[in-house]
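Take a look at the structure set out below.
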Amino acid sequence: MVLSDGKGIGKVIFSSSLGTLIEWYDFYIFGMLAKTISIQFFPEGNDTAALLSTLAIFAAGFLVRPFGALVFGRLGDMIGRKSTFLFTLVLMGGSTFLIGLIPGYRTIGIAAPLLVLLLRLIQGLALGGEYGGAATYVAEHSPTNRRGYYTSWIQTTATLGLFVALGVIMLVKSNMSDASFTSEWGGWRYPFWISILLVIVSIYIRLKMSESPLYSKLKKEGKASLNPLKESFGNKANFKMVLLALFGAVMGQGVVWYTGQFYAQSFLENTVKIEFMQNREIMLWGIGLATPFFLVFGALSDRIGRKWIMLSGMLLGVIFYRPIFNTFLKDTNIKEWKKMEGDATPTIISKEILKVDSLPIDHVLATVTHSKIKWQSQQGTGFTETRADTILNVGATPGVTKEDSKPVFTDKKLSSPMKWKFILLVFVMILFVTMAYAPIAAFLVELFPTRIRYTSMSLPYHIGNGVFGGLVPFIATLLSASSPTDPLVGLWYPILIAALCVVIGTFYLTNKIDKNIND
């Protein structure tokens, strides 16, 4: 029993997708504000350690997602899809709101990061139960020949949640000063508080939803699983499909998703050092332009199958990640740029004139802060406005040498042509995401029987995305921090995982679409 083509499906998709989008929004605003949060919830003195600690807490939410999949997947197969992902929505929204209420490290000390960690773990558990329920719910309402297309609407929610998170942060930030935004009780907390309003609206909508028709039929016939965990993972044939889904599809899709969207944003902010608002603007445009392709590739998977679309997205990431990220670095490398004619010389205190077009600077004997300089690339393609934050006092500071006397350029602002070049590169990476991610819900639903579908599909999805994918920002940043000579070294983690998945998926996945999921 499945809905006839198009009948009521719009309401089903909207109700499911809105709640899932809000849960992704709640989950991702933490990562989007990682740098600001690291300042508030960790002691001063080591910015890199604070950022890594914040990313570790962010990653902790991903690591518990498989446990949420087990707990709520079991409930979803025993008591129903609707009730379970309604509960996960309440958990997620409440935790997000409470993160916005925790005082900073200066006020309550070590209790601050510990409380944040606890709430992130609750968020991870909630998200572990949300996605499987929403994807299963939509798939079990969908007509056979459009399952990939209809479930691809659910696939848009993760990226749209990120889009909404970026949009809300930019809206708040644009209406206040840097100091007001980053202070202990500043504007960075507003996106967390706004969450509670979004959740209330979604709860109201979901309360009006009916149960999945396939699950209702199963329950009425008394065939619902009494022990989904045992049936999912104790059955050798089914457990084999769980492993195949994980290592042949989902782990590669996970690292592609988090590299193209999350690590890209982190890299542009913390390594390339693009100015806060322009960094978010680049991501916002890239996401907005690429999101419709989830629906394109979802619909295409109904025609040609899921396998090759997903694996192609992963393979393209393997091939192009290093060239794309290297372009980010090269185009913003001040050493290869020159000072524009007519610009004022930056104010410094030095015994010698600072020659801004001949870096590195070897003869600076004083400290420079907040000096604004315009630079133009050798190719004449654009300029950036930078701030030189602290050039060390050579000779005045014990142990400091001329090699330490290098300017640290932050808050780089790209010209319009170069900004659009970066948007195009981000768009390309998110296009890879849409290929790998759009068909995954239909692919997973078709692998498992109705009675244990929620449990069976949720676990590989959340291990692949929560563990392999969610660790991308942390592992990549950690590798890059430990190897200052190669800022791209962190990319080897997602590249190797995606490449392994492509190999396994090529030989062991089938491209056949299972037209009958009523089993």
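The values are calculated or read from the model by the stated rules, or taken from the named source; none is laboratory data. Computed from a prediction, not measured in an experiment: that's the story for all the values here. Note: ideal-geometry Cβ built from the backbone for every residue, glycine included; neighbour counts use all protein chains shown.
Scan LEU424, LEU479, LEU500, LEU496 and give me the residue that is aliphatic (A, V, I, L, M) and at pLDDT below 95. I'd like the intermediate steps shown before the answer.
Working: LEU424 fails: at pLDDT below 95; LEU500 fails: at pLDDT below 95; LEU496 fails: at pLDDT below 95.
Within the list LEU424, LEU479, LEU500, LEU496, the selection yields LEU479.
For residues that are in contact with a Phe, Trp or Tyr (Cβ under 6 Å, 6 or more places away or on another chain), part of a helix (DSSP H, G or I) and modelled with pLDDT under 85, tally how many sit in segment 289-347.
Residues flagged as in contact with a Phe, Trp or Tyr (Cβ under 6 Å, 6 or more places away or on another chain), part of a helix (DSSP H, G or I) and modelled with pLDDT under 85 within segment 289-347 amount to 1.
If we scan segment 428-446, do we find a residue that is outside any loop (DSSP other than H, G, I, E, B), more than 21 Å from MET314 (Cβ to Cβ) and either modelled with pLDDT of 75 or more or out of contact with any strand residue (DSSP E or B) (no Cβ under 8 Å at 6 or more places or on another chain) (or both)?
Initial filter on segment 428-446 (outside any loop (DSSP other than H, G, I, E, B)): 428-437, 440-446.
If we keep only those that are more than 21 Å from MET314 (Cβ to Cβ) as well, we get none.
Checked segment 428-446: no residue is outside any loop (DSSP other than H, G, I, E, B), more than 21 Å from MET314 (Cβ to Cβ) and either modelled with pLDDT of 75 or more or out of contact with any strand residue (DSSP E or B) (no Cβ under 8 Å at 6 or more places or on another chain) (or both).
Among the residues of segment 5-27, how many are surrounded by fewer than 24 Cβ atoms within 10 Å (Cβ to Cβ) and of a type outside the set (A, V, I, L, M, F, W, C)?
Count: 8.
Please go through segment 67-95 and give me each residue that is farther than 19 Å from ASP26 by Cβ and either modelled with pLDDT of 80 or more or in contact with a strand residue (DSSP E or B) (Cβ under 7 Å, 6 or more places away or on another chain) (or both), ordered by number.
To start, the set of residues in segment 67-95 that are farther than 19 Å from ASP26 by Cβ comprises 70, 73-83.
The answer is LEU70, and nothing else.
Note down all Cβ pairs under 6 Å where the first residue falls in segment 479-490 and is free of Cβ contacts under 8 Å to residues at least 60 places away in the same chain, the second is assigned to a loop (DSSP other than H, G, I, E, B) and surrounded by 12 or more Cβ atoms within 10 Å (Cβ to Cβ), and they're at least six residues apart or on different chains.
VAL489/SER483
Answer with yes or no whether ILE440 is farther than 21 Å from ALA69 by Cα, surrounded by 24 or more Cβ atoms within 10 Å (Cβ to Cβ) and in contact (Cβ under 8 Å) with a residue 12 or more places away in the chain. Quick ask: steps written out before the conclusion?
Values: farther than 21 Å from ALA69 by Cα: no; surrounded by 24 or more Cβ atoms within 10 Å (Cβ to Cβ): yes; in contact (Cβ under 8 Å) with a residue 12 or more places away in the chain: yes.
No, not satisfied.
Is it the case that segment 96-110 has a residue that's in contact (Cβ under 8 Å) with a residue 40 or more places away in the chain, under 16 Å from ARG206 (Cα atoms) and part of a helix (DSSP H, G or I)?
For segment 96-110, residues in contact (Cβ under 8 Å) with a residue 40 or more places away in the chain, under 16 Å from ARG206 (Cα atoms) and part of a helix (DSSP H, G or I): absent.
Residues are listed down the side, and each one gets a yes or a no for (1) modelled with pLDDT under 90; (2) under 20 Å from the mean Cα position of the chain (by Cα); (3) crowded, with 18+ Cβ neighbours inside 10 Å:
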position	(1), (2), (3)
ALA165	yes, yes, yes
VAL168	no, yes, yes
ASP178	yes, no, no
PRO191	no, yes, yes
SER202	yes, no, yes
SER210	yes, no, no
SER216	yes, no, no
LEU226	yes, no, no
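Helices (runs of 4 or more DSSP H) wholly in segment 31-83 with at least 3 residues that are under 16 Å from the mean Cα position of the chain (by Cα) - which ones? Break it down stepwise before answering.
Working: elements: 34-41, 47-63, 65-79.
Where helices (runs of 4 or more DSSP H) fall fully within segment 31-83 and carry at least 3 residues being under 16 Å from the mean Cα position of the chain (by Cα), they are 47-63.
Please specify each residue of segment 479-494 satisfying the condition of being surrounded by fewer than 18 Cβ atoms within 10 Å (Cβ to Cβ) and closer than 20 Å to GLN265 by Cβ.
LEU479, ALA481, VAL489, TRP492
Any residue at all in segment 253-266 that is surrounded by fewer than 19 Cβ atoms within 10 Å (Cβ to Cβ) and modelled with pLDDT of 90 or more? Don't jump to the end; show me each part of the working.
Just the residues of segment 253-266 that are surrounded by fewer than 19 Cβ atoms within 10 Å (Cβ to Cβ), to begin with: none.
The answer is no, given that none of the residues of segment 253-266 is surrounded by fewer than 19 Cβ atoms within 10 Å (Cβ to Cβ) and modelled with pLDDT of 90 or more.
Scan segment 150-173 and give yes if some residue there is of a type in the set (A, V, I, L, M, F, W, C), without any contact (Cβ under 8 Å) to a residue 40 or more places away in the chain and over 26 Å from VAL250 (Cβ atoms), otherwise no. Walk me through how you get there before you give the answer.
Going through segment 150-173, the residues of a type in the set (A, V, I, L, M, F, W, C) turn out to be 153-154, 158, 160, 162-166, 168-172.
Remaining after also requiring without any contact (Cβ under 8 Å) to a residue 40 or more places away in the chain: 171-172.
Still in the running and over 26 Å from VAL250 (Cβ atoms): 171-172.
There is at least one residue in segment 150-173 that is of a type in the set (A, V, I, L, M, F, W, C), without any contact (Cβ under 8 Å) to a residue 40 or more places away in the chain and over 26 Å from VAL250 (Cβ atoms).
May I ask you to list the residues in segment 60-89 that are surrounded by fewer than 22 Cβ atoms within 10 Å (Cβ to Cβ) and of a type in the set (Gly, Ala, Ser)?
Within segment 60-89, ALA60, GLY80, SER83 qualify.
Looking only at residues that are in contact with a Ser or Thr (Cβ under 8 Å, 6 or more places away or on another chain) and not in a helix (DSSP H, G or I) in segment 151-192, which one is farthest from MET277 (Cα to Cα)?
Top of the filtered list is GLU184.
Of the conditions (1) without any contact (Cβ under 8 Å) to a residue 24 or more places away in the chain; (2) buried (at least 21 other Cβ atoms within 10 Å of the Cβ), GLY464 clears all except one; give me its number.
(1)
Report yes if some residue within segment 28-50 is at positive phi and at pLDDT below 80; otherwise report no. Please lay out each step first, then the result.
So the first thing to find is which residues in segment 28-50 are at positive phi, and the list is 45.
Applying the additional criterion that residues be at pLDDT below 80 yields 45.
Yes, there is a match, as at least one residue in segment 28-50 is at positive phi and at pLDDT below 80.
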